[in-house]
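Written below as structure tokens is the structure these notes are about.
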Amino acid sequence: MKKKNLILRYFGLGFLIIGLALSLKMYFNQEWPTYLFFLISFIGIVQVALSYYLKKIKVGWQILWALIPFVLMFIYYKI
């Protein structure tokens, strides 16, 4: 593993794992399908891909790009 953009990569892996776990839980419990879990997984995949393909980003920017999905989801649920 290259030592660049690790914060963004780990946040992306976290999103991916959470999205997959929630999707599996949805299927096992036979709940109504929701695409929000797939969206969370997609955000994780995008963050991991960006961490590999972008040049080294400063830590502050990595944290900002990692927290944007949290902030957007919070705003979406408050509206």
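Please treat every number below as a calculation from the coordinates, not as lab data. No experiment lies behind these values; they were computed from the predicted model shown. Virtual Cβ from ideal backbone geometry, glycine too; neighbours counted across all protein chains shown.
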Quiz item: Is it true that some residue in the range 54-75 is part of a helix (DSSP H, G or I), closer than 15 Å to L8 by Cβ and more than 16 Å from the chain's Cα centre (by Cα)?
Solution: yes
Exercise. State all residues of the range 1-43 that are outside any helix (DSSP H, G or I) and exposed (fewer than 15 other Cβ atoms within 10 Å of the Cβ); if no residue qualifies, say none.
Key: M1, K2, K3, K4, N29, Q30, E31, W32, P33, T34, Y35
Quiz item: Are any residues in the range 21-39 aliphatic (A, V, I, L, M) and out of contact with any helix residue (DSSP H, G or I) (no Cβ under 6 Å at 6 or more places or on another chain), and if so, which ones?
Solution: A21, L24, M26, L36, L39
Exercise. Pairs only if they're at least six apart or on different chains, beta carbon under 8 angstrom, first in the range 1-24 and touching a residue at least 40 places away in the same chain (Cβ under 8 Å), second among the basic types (K, R); list them, first residue then second.
Key: K4/K55; K4/K56; N5/K56
Quiz prompt | Filter result (touching an Asp or Glu at 6+ places or on another chain (Cβ under 9 Å) and of a type in the set (S, T, N, Q)) within the range 16-56 | solution = none
